[in-house]
Amino acid sequence: MSISINPDKCTGCETCVTACPFAAIEMRDGKAYITEACTVCGACVDACEFQAIDRTEEAAKPAVDLSAYQGVWVFAEQHKGDIASVSLELLGEGRKLADKRKAKLSAVFIGSGIRDKAAELIAHGADIVYVADDPALKDFNDDSYAAVLTTLAKQHKPEIILAGATAIGRSFFPKVASTLYTGLTADCTMLDIDAATGHLHQTRPAFGGNIMATIVTPNHRPQMATVRHKVMKPAARNGSRTGDIIDVTFKQAGTVRTRVVKTVEELTETVNICEADIIVAGGRGLGSAKNFAMLEELAKVLGGAVAATRGAVDEGWIAYSHQVGQTGKTVCPKLYIAAGISGAIQHVAGMSSADVIVAINKDPDAPIFNVATYGIVGDVNEVIPAMIKKFREIRG
Ligand SMILES: Cc1cc2nc3c(=O)[nH]c(=O)nc-3n(C[C@H](O)[C@H](O)[C@H](O)COP(=O)(O)OP(=O)(O)OC[C@H]3O[C@@H](n4cnc5c(N)ncnc54)[C@H](O)[C@@H]3O)c2cc1C
Ligand code: SF4
Ligand code: SF4
């Protein structure tokens, strides 16, 4: 896009000079003049009542031959050989995208001693699995993992590459995207594809979660995105599916700048909220840290995990690792009990995919009731103990 002044129309009124937030317009010989400070923001165009400022949209040309790129790829993350559940979710979603494009779905599987698990990726939807199995790839390392993926991507030219928005995906995917000179949309919650052009519609929360932005990468390939855990459903396992497992010889391109000195397992006594089928979540309406003990008791009776809003975390009632929402974790349990939670959009963004949501709030107009399957208007101090008592009776 470019901005220019039409001197024949410019009356020299100077309105645009004050309208420009970047002080990029000067008056020269009674006419407005755009200087090099212009950021092409466009604010001056509407400010000029004489239509003396033109904005020209230049159609961007594809940077590469888009038709040379085909197929959907998923980076299949693994931990000690166990395939991460987010990767199975991505295979489910990748399968749908590939089918719409009548293309193949491939998985890239990197690690050491993992080859015998590759068939599992085919059972979950992949047509091809590229396996880089090498002792040098035992521990995750940005440089090594990026080297494997960029080498393969340059060789096979996939149209789309997806990874989970996990610590690993978030760490090495930007390096891959910048090496391949393409765009990357982080933390997507929804994907779709234009079947004709192959443009991937990558949707993610923006502006503090107040809007959902759909981003496309129209002129570069591959199109790369990281996707949040638990926002997509994994495809059902089908052990009779067949596909190709292709062994890839690992050759480090460039230097490896980091070395894993020691790995320490995280110790936790509670169920991980990302994996829990039942979650009992509390908000500021609980009133105190002490009252979270009630939720823990209910979670224990139900065999579930305890989660919280940012409100409760900010109060210091529970650790951040339990926070659900836009700046916390995304969960998708079978049952989500929301106690004393108002239902702010940033919280709902992390839990609205739960199968059943039960909301307890003393305010009948609380927004949480808009997403709840069942609503209980009442005081948590009465409702939660009653639930504990009843479930104890039912469960013996
Ligand atoms: C950029 C950004 C990111 C954010 N990220 C997150 C995020 O990841 N997760 C998140 O949760 N929030 C997030 N927030 C904050 C979010 O906007 C809300 O402020 C927060 O979710 C509110 O928490 P709450 O529902 O516990 O508290 P409140 O909004 O204070 O609601 C408390 C509710 O409890 C009810 N209540 C009070 N007493 C009782 C009682 N005795 N019995 C029953 N009900 C009662 C009240 O009616 C009220 O509805 C974010 C905000 C921003 C700006
Ligand atoms: S607002 Fe329009 S007419 Fe006025 S000085 Fe700027 S370009 Fe010229
Ligand atoms: S486009 Fe923006 S930066 Fe450029 S002159 Fe107009 S207002 Fe100033």
### Task
State which residue pairs qualify: first residue among the aromatic types (F, W, Y) and inside segment 301-327, second residue in a loop (DSSP other than H, G, I, E, B) in any location, beta carbons under 6 Å apart, and separation of 6 or more residues or different chains.
W317/A289
### Query
Is there a residue being outside the structural domain of T214 (by TED's automatic domain parsing), in a loop (DSSP other than H, G, I, E, B) and in contact with a helix residue (DSSP H, G or I) (Cβ under 8 Å, 6 or more places away or on another chain) anywhere in segment 230-243?
no
### Task
Out of the residues in segment 6-23 that are touching a helix residue (DSSP H, G or I) at 6+ places or on another chain (Cβ under 8 Å) and open to solvent by less than 70 Å² (accessible area, probe 1.4 Å), state the one that is farthest from ligand 3 (Cβ to nearest atom).
T15
### Task
Of all residues in segment 46-65, count the ones that are more than 15 Å from ligand 2 (Cβ to nearest atom) and either touching a residue at least 60 places away in the same chain (Cβ under 8 Å) or not acidic (D, E) (or both).
7
### Query
Among the residues of segment 31-58, which ones are in a loop (DSSP other than H, G, I, E, B) and either in the same structural domain as A119 (by TED's automatic domain parsing) or of a type in the set (D, E) (or both)?
E36, E49, E57, E58
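Residues are listed down the side, and each one gets a yes or a no for (1) open to solvent by less than 10 Å² (accessible area, probe 1.4 Å); (2) within 25 Å of F109 (Cβ to Cβ); (3) not in a loop (DSSP other than H, G, I, E, B):
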residue	(1), (2), (3)
I245	no, yes, yes
K251	no, yes, no
T255	no, yes, no
E265	no, yes, no
A289	no, no, no
M294	no, no, yes
A299	yes, no, yes
Q326	no, no, no
### Message
Would you confirm, using the coordinates I've provided, whether K61 is more than 10 Å from ligand 3 (Cβ to nearest atom), farther than 30 Å from Q223 by Cα and not assigned by TED's automatic domain parsing to the domain that holds L180?
### Response
no
### Query
Before we move on, is I278 closer than 29 Å to S106 by Cα and either crowded, with 16+ Cβ neighbours inside 10 Å or without any contact (Cβ under 8 Å) to a residue 24 or more places away in the chain (or both)?
no
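Quick grid of which residues meet (1) closer than 18 Å to A146 by Cβ; (2) in contact with a Lys or Arg (Cβ under 8 Å, 6 or more places away or on another chain):
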residue	(1), (2)
R170	yes, no
S178	yes, no
T182	yes, yes
G243	no, no
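The values are calculated or read from the model by the stated rules, or taken from the named source; none is laboratory data. Please read these numbers as outputs of a predicted model, since none were measured by experiment. No Cβ is skipped: glycine too gets one built from the backbone with ideal geometry, and neighbour counts run over all protein chains shown. Heads up: the accessible areas ignore ligands, DNA and RNA and are worked out on the full protein's heavy atoms, side chains in. Shrake-Rupley method; radii C 1.70, N 1.55, O 1.52, S 1.80 Å.
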